[in-house]
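Nothing in this text is a laboratory measurement; each read-out follows from the coordinates by a stated rule. Computed from a prediction, not measured in an experiment: that's the story for all the values here. Ideal geometry is used to build each Cβ from the backbone, glycine not excepted, and the neighbour counts take in all protein chains shown.
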């Protein structure tokens, strides 16, 4: 289950809790949403990503117990690079989610605001208030330009 762009816009409107967004340089921005959901936004510059198992962001501490519901990418700067593609995954501790593979390609990042949804997250997606999340680039072909934001939508345990 993932949110459509319209559903996300409806949820996010006026719901910013904390964020430090300057030049797409942010770590662990969390946006509070109604219905016990939180968004973790991680801006990335596609040309900075390395192919094959490299870490995009590590030691993300949500600070609450919850469940990862969905993952997606929104293009901020159109991608550049012949045949560029990345398969991005999220881990809780050192355990990869079942599902939730985010495939970012040159063809899907051509326009500002392009929305790319990961595959459905189906298991191993529950975390505690002390678990660390990591975002990895599992495989791909290098981008030479482009940027955007990886969004992880979490439900907060007990809400």
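Worth pointing out:
- Cut-off 19 Å, label 7 Å out along Cα→Cβ of residue 108, residues of segment 80-96 by amide N: 80-91
- Simple spin-label estimate for residue 67 and residue 144 gives 4.5 nm between the two label positions (7 Å along the Cα-to-Cβ direction from each Cα).
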